[in-house]
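The values are calculated or read from the model by the stated rules, or taken from the named source; none is laboratory data. Because the structure is predicted, anything quoted here is derived from the model rather than measured. Neighbour counts run over all protein chains shown; Cβ positions are idealised from the backbone, glycine included. To get the accessible areas, we keep the full protein, side chains included, count just its heavy atoms, and leave off ligands, DNA and RNA. Shrake-Rupley method; radii C 1.70, N 1.55, O 1.52, S 1.80 Å.
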Amino acid sequence: MSSTHKYDSVARALHWLVLILLVAQYAVAWTMPDIRKDTLPVGLVAWHLSLGTALLAAMVLRLVWRIGHPAPPAADVPPLLHGLSRLTHAALLLLFIVPVMGWINASARGYAVKLFGSITLPALSSTGSSLGHEMGDIHQYAAYGLLALIGLHVAAALYHHFVRRDSTLRRMLPNV
């Protein structure tokens with residue numbers, strides 16, 4: 001495949017970094033204790049907050065990189081599949097929205113949200129905010145929606161690779 005049809009190495013690295021962070025984030029989320037009024041931001045809860053801020057930072061970097069480095073042209077994809085791809089990628093905005101909702105909820109609980117464990121981020125809601133607490137519930141459901149979209153994304157990549165036998169998946173794979 002022509003290198004003009006592959007994503008550049010930075011875009012590919014950020015894509016796979018986001019995947020690694022998501023896998024870690026969902027693993028922690030499913031094993032951490034339920035967050036209640038008296039839950040402290042320690043242990044797995046602290047890890048969940050840290051991974052969420054790292055994921056948000058990686059997504060911001062991806063967006064900034066993408067603005068300056070557009071996606072390479074897709075090779076021979078029918079207009080319907082191209083449209084579905086654009087719609088699914090737009091829905092992946094949840095990769096920004098879900099961490100921000102978690103941040104709002106953490107702020108409402110009085111948790112300090114830190115980037116890389118050291119840079120304290122500003123609170124996005126006041127401690128005790130009812131809207132901030134509601135964001136926690138929405139955050140949980142939106143995370144399930146995000147997981148469904150990720151599954152759809154993976155299924156589409158596999159469909160392109162094994163059924164259509166086109167270069168869509170290989171465009172994002174590391175150079176091997």
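Given charges of +1 on the Cβ of Lys and Arg and -1 on the Cβ of Asp and Glu, with all other atoms neutral, how large is the dipole of the chain about its Cα centre, in debye to the nearest 20? Provide the component values of the computation, followed by the final result.
Details: 13 positive and 7 negative charges, 85 e Å.
With Lys and Arg at +1 and Asp and Glu at -1, about 420 debye.
Given H placed on each backbone N at 1.01 Å, which residues far from Leu115 in sequence or on other chains put an amide H within less than 5 Å of it?
Thr120, Leu121
Return the single residue from Gly117, Gly52, Gly43 with maximal mean-square fluctuation; model: Gaussian network over the chain, springs between Cα atoms under 10 Å.
Taking springs between Cα atoms under 10 Å, the residue moving most is Gly43.
At 0.890 mPa s and 25 °C, plugging the Kirkwood radius over alpha-carbon pairs of the chain into Stokes-Einstein gives what diffusion coefficient in µm²/s? Intermediate values should be presented prior to the final figure.
Working: Rh = 17.7 Å.
Using the Kirkwood radius from Cα pairs, D works out to 139 µm²/s.
Just to confirm, what accessible area per residue do you get for the chain at 1.4 Å probe, in whole Å²?
61 Å²
For the ranges 97-103, 120-126, what's the packing order if you count other beta-carbon atoms within 10 Å of each residue, average per peptide, and put the highest first? Could you put the intermediate results ahead of the total?
Numbers: 97-103: 22.4, 120-126: 14.0.
Packing order, densest peptide first, comes out as 97-103, 120-126.
What angle, in degrees between 0 and 90 and rounded to the nearest 10, separates the Cα long axis of helix 9-31 from the longest principal axis of the Cα atoms of the chain?
The two axes meet at around 40 degrees.
Relative to the Cα centre, what is the charge dipole magnitude of the stretch 1-94, using +1 at the beta carbon of each Lys and Arg, -1 at the beta carbon of each Asp and Glu, and rounding to the nearest 20 debye? Kindly include the intermediate steps, with their values, before the conclusion.
Details: 7 positive and 4 negative charges, 22 e Å.
Around 100 debye, computed over the stretch 1-94.
Probe radius 1.4 Å, ligands and nucleic acids left out: which of Trp47, Trp65 has the largest accessible area, and how do the rest follow?
Numbers: Trp47 155, Trp65 75 Å².
Ranked list, largest accessible area first: Trp47, Trp65.
Can you run phi through the Karplus equation (6.51, -1.76, 1.60; θ = phi - 60°) for the stretch 125-141 and list ³J(HN,Hα) in whole Hz, with x for Gly and Pro?
Once rounded to whole Hz, the list reads 8, 7, 4, x, 4, 5, 5, x, 5, 5, 4, x, 5, 5, 4, 5, 5.
Can you give the calculated 222 nm mean residue ellipticity of the chain, where each DSSP H run of n ≥ 4 adds -39,500 (n - 2.57) and the sum is split over every residue, rounded to the nearest 500 deg cm²/dmol? Walk me through the numbers on the way to the answer.
Numbers: 5 runs with 105 residues, N = 176.
The helix contribution divided over the chain gives -20500 deg cm²/dmol.
Carbon and sulfur together cover what percent of the accessible area of the chain at a 1.4 Å probe radius? Don't jump to the answer; show the numbers that get you there.
Working: 7390 of 10690 Å².
Summing carbon and sulfur atoms, their accessible area is 69 percent of the total for the chain.
Most mobile of Leu49, Leu81, Leu115 per a Gaussian network model of the chain (Cα springs, under 10 Å)?
In this elastic network of the chain, the residue with the biggest mean-square fluctuation among Leu49, Leu81, Leu115 is Leu81.
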